[in-house]
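First comes the structure, then the notes that go with it.
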Amino acid sequence: MLTSPPYAEWESVLHGNIALASSWDFEIAGVPISALREDARIEAITAASEFSLRLGVPVKAVPSAVERVIVTGHQPQLYHPGVWVKDFLLQRFADETSSVAIDLVVDTDSFTDVSLRAPSIEPVVSAFSHPLAIGEAGGCYVTAPVPESAEIDELCEKGSAALSSLPANAPARHFEDFCGQLRDAAQNAENLSELVTFARRRFEASAGSDYLELPVSVLCRTESFVQYSIDIMQNANRFASAYNDELGAYRVIHKTRSAAQPFPDLRSYGTSTEIPFWYVDEGSRRTLAVTPLESGLELAAEGERIAVLPPVPAEARDVLSALPGIIAPKAIALTLFARLFLADVFIHGVGGGRYDRIADGVITRYFGQEPPVFTVASMTMYLPLGAPITGDAEVTEAERQLHRFEHNPDEVLKGIECDSLVERETALSLANEKESLVTRIAEPGADKKELGLRIKAVNQELRELLAPIASQLKADLDRLVSERDATEILTDRTYPFCLWDPVEVQDKVL
C-alpha cells in the first residue's frame, strides 16, 4: 500500500488544512469564503445522506455539528483495488478523526465502457473481458441507462466461466457474490452509475463500510456549487488565463508535447471564453462557454444559447438553478470545489495526485490562496493464483544465449553434450580452427578478407553441426516468452474489486 504523505502524518495534514481554511479571506461571487464553505459542507452532507439512504446498506448518522469532512472520489467503474483502497482509507481516517466521510461518485464523466476484466487459463492463459455497458458519444455515466437483466446475466455467466478455470476458487466466489448484488441493485437503480455504486456498496457490506456516497450530478445542483460556477463564469478570462498557464507549466515540467495532455486548454472564440464545465441534459454532455453581453453573460453549450445570466450573482444563480440540465465540472473544476469548499482532507489516487498539482497552481493564481494539502493512496494486490513468475530478466538471458550461439557457436561447446564422440571431436576441431583464425586475423599483414570469410564458414559449419542445440535454445526462449506473457496476465494489478474479499482489503489498511 502506498500513502503520501505517510498515513501517520494525515492527521497533521487535517489540522494544517483546517487552520489554513480559517485564514482564507476572499469572496466567491460576492459571498465570503467562510460562509460559502459552511453552506457547501452542509448542503453536500445533506445531499449525500439523502442519496445514501438508497444504497441498501447502513450508513453513519451525521452529527448535528460537523467539524471535519474527509472526501475522496472516482468514476463508477469496476475499478481495481488500488482505487478501492481509497474508500477503506476514507472510512478508517474518518473514524479515527470523528469526521464525516464522503465518496464523490463522478457520474458526469464520459466513458468508453464499463467492463469486467478477469484472468482465464483455459484453453490458454488470457485476459477475459466483457462489457456491462458501452458508452455513447456525448453521454456520461448518469445519462446511461441501467443494463437489461439479460445483459447483466450474460456478464455474470461469462465472467464465472472464465474464473472457474483458475486454480483458486476465491475470485469466482467473490464475483458470484457481486453478481447477486448487481442483480439486486438493478431493481432500484435509475442509471448505470447508481447500478455500479449500489452493487459495490452492498458487496462491501461484509467490511462494515458506512461512509456516504454523493454523485457529482447531485452535488452540482446545490446552491453553493452553482455560486462557485457563477464566480468562474463572471471571471472567465482570468480563470482561463490561470488554468492555461498552469497547464503550460505542467507540460514543460513533464516534457509533455501534446496540447491535449493532461487536459486541453480553455479556448477563446472572439469574445467567447470556454469554461471548465459541461452542460448535461437529455442524454448529452456539451462544453460550455460564456460571452459578455450588455445585460450580463450569455451561456452557450457548444454554440447553443441555454441562458442569459444577469450580472447580479443571486439572480444568475436562480437562472442556473432553473435550467433543465445541470452544470457539471470538468476534472480540475471538480477537485477545486471539493478541496476548497468541502474537504478538510481530500484523498487522491496516484494519477489524480499528479494532475492536481495543476489545481494547486490555479488556487494560487486565481483565488490568491495557498492550496490545502491533499493525500495520495494506492495499493497493489495480486489474485491468489499461485502462478510461476517469469520476468523480463529470464527472457533477456535466454535471448542473450541464443544470440551468443548464433554469432559465436564455439563458445557454447563447454556447456553442451554432443550426440557422439565423432561429432564432439569435429566440433572441437572447428572451434580450435576458429580460435587460430581469430588470432591470425589480428596479426600485421593478415589477409583479413580471406580469414574473415573462413571464420564465417566455420561458424556456419558449427551452427549446422549443433543445430539441435539451436532448436533447444529457441524452444527455451519461446517457452520463457510465453511464461512471461502469462505472468503479466496473471499478476495484473488492475483486475476489478469484485474478485476480492472486501474484508481482506479492509485488513490491509487497519
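Bear in mind that the values in this text are calculations on the coordinates, not laboratory data. Fair warning: this is a prediction, and the values are worked out from it, not measured in the lab. Here the Cβ positions follow ideal geometry from the backbone for every residue, glycine too, while neighbour counts run over all protein chains shown.
Quick notes on this structure:
- Once both labels are positioned 7 Å from their Cα atoms along Cα-to-Cβ, the gap between D39 and N244 label points is 3.1 nm.
- With 0.36 nm allotted per residue and the present C-alpha distance subtracted, the V66-K255 stretch has 63.7 nm of extension available.
- Each residue in D184, D447 was given a count of other beta-carbon atoms within 10 angstrom of its own, and listing them fewest first yields D447, D184.
- Burial ordering of I441, I102, I152, I232, fewest other beta-carbon atoms within 10 Å first: I441, I152, I232, I102
- Correct option for Rg/Rh (Cα atoms, Kirkwood Rh) [calculated from the coordinates] among (1) 1.15; (2) 1.00; (3) 1.18: (1)
- Residue by residue, region 119-134 carries 3J(HN,Hα) couplings of x, 9, 10, 10, x, 9, 5, 7, 9, 7, 9, 8, x, 8, 8, 10 Hz when phi is fed to the Karplus relation 6.51 cos²θ - 1.76 cosθ + 1.60 (θ = phi - 60°); x denotes Gly or Pro.
- Value of [θ]222 nm, deg cm²/dmol, for the chain, DSSP H segments ≥ 4, -39500 (n - 2.57) each, nearest 500: -15500 deg cm²/dmol
- 3J(HN,Hα) along region 54-59: 8, 5, x, 9, x, 10 Hz, from the Karplus curve 6.51 cos²θ - 1.76 cosθ + 1.60 with θ = phi - 60°, whole Hz, x for Gly and Pro.
- Sorted peptide list for 284-295, 190-201, criterion being average Cβ within 10 angstrom, highest first: 190-201, 284-295
- Convex hull (Cα only) mean projected area of region 392-490, reported in nm² to one decimal: 7.4
- Cα centroids of region 28-91 and region 255-316: 27 Å apart.
- Between I28 and I33, the built amide H atoms are under 5 Å apart, and every one of these is 5 or more places off in sequence or on another chain.
- Normalised by the number of residues in the chain, the average gap of Cα pairs under 8 Å and 6 or more apart makes the relative contact order 22 percent.
- Antiparallel DSSP beta bridges within the chain, as percent of all bridges there, nearest 5: 70
- Extension gain, A161 to R493, is 117.5 nm, computed as 0.36 nm per intervening residue step minus the present C-alpha separation.
- Separation between Cα centres of region 133-186 and region 434-451, rounded to whole Å: 70
- Averaging the sequence gap over all C-alpha pairs within less than 8 Å and six or more residues apart, then dividing by the number of residues, gives region 392-490 a relative contact order of 42 percent.
- The amide H of L385, built 1.01 Å from its N in the peptide plane, has no neighbour under 5 Å, considering only residues 5 or more places off or on other chains.
- Of K449/K474; K86/K158; K434/K456, those spanning more than 21 Å from alpha-carbon to alpha-carbon: K449/K474; K86/K158
- With contacts taken as Cα pairs under 8 Å and at least 6 residues apart, region 153-229 reaches a relative contact order of 19 percent.
- Simple spin-label estimate for F26 and N408 in nanometres, 7 Å along Cα-Cβ: 6.6
- Shape analysis of region 1-69 places it in the oblate category; the axes a ≥ b ≥ c from the Cα gyration tensor give an a/c of at least 1.5, with a/b not above b/c.
- Length released on extending from S206 to I121, taking residue separation times 0.36 nm less the Cα-Cα span: 27.7 nm
- Distant-in-sequence amide contacts of L297, defined by a placed amide H-H separation under 5 Å and a gap of 5 or more residues or a different chain, comprise L309.
- Derived scalar couplings ³J(HN,Hα) [region 99-106; Karplus, 6.51 cos²θ - 1.76 cosθ + 1.60; whole Hz; x for Gly, Pro]: 10, 7, 10, 10, 9, 7, 8, 7
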